[in-house]
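Here is the structure we will look at.
The values are calculated or read from the model by the stated rules, or taken from the named source; none is laboratory data. The structure presented is a predicted model; accordingly, all values stated were derived computationally and were not measured. Here the Cβ positions follow ideal geometry from the backbone for every residue, glycine too, while neighbour counts run over all protein chains shown. Side chains are part of the model used for accessible areas, which takes the heavy atoms of the whole protein and leaves out ligands, DNA and RNA. Shrake-Rupley method; radii C 1.70, N 1.55, O 1.52, S 1.80 Å.
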Amino acid sequence: MSRNTKLVQYFLVFALLLTLIVTPANLKVDAASSATNTTIDDFENYTSDDELKSAYGLWSSEGNGAEWSLNQEQTNDGTNSMKIVPNEPLDSWVSLSHNFPVNDWTDSAGISFWIHNDADEPLEFNFDIKSESKAFGQEGTFTASLKEDGSSSWEENSFESMLSVPADFTGYIRIAWDQFTEKAWQCPEVCENNLNLSLVEGFEFGYNPQANPTNEIYIDSISRWSASESTLAPDWATPSNTFNLNYTAAPIDNPLKGFLPFSESVEWQIDNQMPYSMEYFYIPLNDIMTNFNEYDWSTLESRIDDIASRGNQAIFRVYLDYPNRPSGIPQFLLDLGLETKDYSYNSNGGPEGTSVSPDYNDENLSTALQQFIEALGDKYDGDPRIGFIQAGLVGFWGEWHTYPQDGSTPAGDWDDELAEQKDGRATDWMPNLANQTAILQGFDNAFDETKILARYPSEFNRDLNIGYHDDSFAFQTLPASLGGEDWHFIGRLQDNQVMDKWKAEPIGGEMRPEIQIDMWDNDPPQYLGEPIEGAQGEDFYKSLELTHASWLKIQEVFQTPLEGNALERAREGSRSLGYEYFVPTAYADATDSQLQAAIEIENTGVAPFYYNWEVEIAARDKNGNIKEWTTDWDLSYVLPHEKETGDNKALFEWSADASELSAGNYDILVRVVNPLSKFNSNAKLFHFANEEQKESGWLKIGQIGI
């Protein structure tokens, strides 16, 4: 069951890459462009007031009129706007009309314009369209959306016959074409004509100076607007229920991504230098396994709980052999005769302890490891306190190598004496291929939800549902074609044909310890100091571009002071890892007792979000009361946005019975719920890369009226 489930998940993601169509009914993926505006008049083409007055004609009720002129003090884009000031004595109505040869505006959703009301009183104002020698405008109840300069979103408002522009308002107004009706004075009995957008001949601004005696009006950026050029828009979308949202970089400590420290360093870190959402630790197997199928989970539980208490998720690796630490081999295996080998590599035998390398092909050890992996999965698969687990257990540090005891290193090529050799070469202490395969296959079988990462890509793990970790990131990452070596991490990915594995399984790792600080002195970040093993560092962003890494251990940036540009580069380096989900467009509607919502998502990061966390939708009334629903949205399908082609945008749709809501206006909100919040209310919040998301975790996507 475990194996088949994961194969289905992998196939779905792979199908997404090939067809850009994801199977869930509430999700569409497509190449999409942003909402667009077509400028009608921005007043930049007029060189004088006379030219402006030849383009705009005045009508006034009593003949006193108004002055209209180019203005450079209150503008939106460019140099000019149009200023309107009424003459004394004040008329009961004035209008400025702009006529032109017939235009076809059927490709647009409505009209928008920028306005500045330079008064401490509201302005009652009309905007009319001329078509087929008739005027169409706001008659009766209608809706328009206002967006004040500096605001993060459009606010939909309901009006009666006239727009009411707030006092001191500066910003945009947009009106959808379906809000324009034939002016009543043209048809005293019944108005039956609809606005014909294929025969538009002009537009006009109008207002009552007597009712607005202190108002000076500034107009700019008159445009036709399109709700979205995206083919993703839901079938029920209209201009009035479409909301354009604004981008801002997501926080550095978004969950399950970024730089992370060792958990034991918490007490002596530099406060607030590097925000983070995960912590890492090693744990010896003998702290957990006491006999065949017998376990004491208390130590592991306390480590995980300690991390969760700070609102973070854990990453850990279980080891048998850690140089310069006491052995992690369970005593019962030693009592059964498990053979071990002593060595002095990597400072082993120093003041911290002496480790030994076990015979990984020992039958009892192989049985114990399979039992442990199964038990670990039974207890912790899907545990929200855990972000990722590294498939350790084998090799020095559980890192899946025993170099130089690798079966190939010549005795003469090793500076010190080899611990064991035969025929002039180091013997190989690693498990045989069958046992290596069995261990990783065991992890794949035991974990359906929690993501597992192996150290090295290989033939026997490339088809498993596990990711990888590059433990010498930006130092031994790039292949020979980019100045590195073929045995570096990318070279291994290429050789094993798993360069696209990141699309379904995570990539993590560790920055080479010697380069973790000095690299941030350079732009782009790269270690260029004293050569290490005859080599210098690699470009951080080139390494990230190719690996699509989501997280990196980099302890030094949490304990070594950084300032100025170096600190900003390090923070941006952390932010750039993994996913970043931006909602450019959202939709919300309430008609016929049905509440509907939808969001478009772009992943502006380098990797997907690898977990199916619950996504909630809420309606918030004017008093702050919230009604919540849980969707079936799965954001883990959203791959990074292709900047060149626009591919991989996704649309998620949802609907519910709106009868539970009383009459009134509601903000529609969305949030992704970190399941760790069930253990700790301070769990790191999932943030979209949107200005509209607040500290509560809710992203405001639009407004509805019921």
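A few comments on the model shown:
- Estimated purely from DSSP H runs of n ≥ 4, each contributing -39500 (n - 2.57), the mean residue ellipticity at 222 nm for the chain is -4500 deg cm²/dmol once divided by its residues.
- Angstrom value of the Kirkwood radius, inverse mean 1/r, which spans all Cα pairs in the chain: 29.4
- Furthest towards positive pole of dipole, 110, 361, 391, structure part the chain, Cβ charges: 361
- In the context of the full set of protein chains, the range 302-445 has a per residue accessible area of 41 Å² (1.4 Å probe).
- Antiparallel %, DSSP beta bridges [both residues in the chain], to 5: 80
- Loop-resident sites, the range 366-432, for GluC sites (Glu not before Pro), counting at most 12 other Cβ within 10 Å (DSSP): 417
- The GluC sites (Glu not before Pro) of the range 507-563 that meet both conditions, a loop assignment by DSSP and at most 11 other Cβ atoms within 10 Å of the site Cβ, are 533, 563.
- Separation in nanometres of the label points that stand 7 Å from Cα toward Cβ, at residue 48 and residue 406: 8.2
- DSSP-assigned coil residues among trypsin sites (Lys or Arg not before Pro) in the range 659-706, each with at most 16 further Cβ atoms within 10 Å: 694
- Partners for residue 694 among lysines (Cα-Cα distance below 25 Å; same-chain residues under 8 apart left out): 147, 257, 622, 627, 649, 678, 684
- Distance histogram in 5 Å bins (all Cα pairs of the range 236-278, percent per bin): 5, 17, 19, 14, 9, 7, 7, 8, 6, 4, 4, 0
- Phi-based couplings in Hz for the range 237-244 (Karplus 6.51, -1.76, 1.60; Gly and Pro marked x): 5, 10, x, 7, 10, 9, 10, 8
- Look at the dipole of the range 568-704 built from charges on Cβ: of 682, 581, 703, the Cα furthest out on the positive end belongs to 682.
- In sequence order, the range 508-521 has phi-based couplings of x, x, 9, 6, 3, x, 5, 9, 5, 9, 5, 5, 6, 6 Hz under the Karplus curve 6.51 cos²θ - 1.76 cosθ + 1.60, θ = phi - 60°, and Gly or Pro positions carry x.
- Approximate spin-label separation residue 568-residue 530, in nm, with each point projected 7 Å along Cα-to-Cβ: 3.1
- Computed magnitude of the charge dipole of the range 67-119 (debye, nearest 20; Cβ of K, R +1, Cβ of D, E -1): 20
- Efficiency of FRET between residue 38 and residue 665 - r from beta-carbon atoms, R0 35 angstrom, step 0.05: 0.70
- Volume in Å³ per residue [convex hull over Cα atoms, computed for the range 297-419]: 134
- Surface analysis of the range 490-596 yields an accessible area of 38 Å² per residue, using protein heavy atoms and a 1.4 Å probe.
- Dipole in debye (nearest 20) - the range 165-252, about Cα centre, beta carbon charges: Lys, Arg +1; Asp, Glu -1: 220
- Accessible surface of the range 202-355, 1.4 Å probe, proportion on carbon and sulfur as whole %: 43
- Proximity of backbone amide H atoms, modeled 1.01 Å from N, is registered between residue 105 and 198, 199, 200 at under 5 Å, excluding neighbours fewer than 5 places apart on the same chain.
- Per the Cα gyration tensor, the range 68-112 maps to an equivalent ellipsoid with semi-axes of 26, 19, 10 Å, ordered largest to smallest.
- Just the protein heavy atoms count here, and of the accessible area of the range 55-135 at 1.4 Å, carbon and sulfur take up 43 percent.
- Distance in nm between pseudo-label sites at residue 270 and residue 696 (7 Å out along the Cβ direction from Cα): 3.6
- Amide H contacts under 5 Å for residue 355: 324, 325, 349, restricted to partners 5 or more places along the chain or on a different chain, H placed in the peptide plane at 1.01 Å from N.
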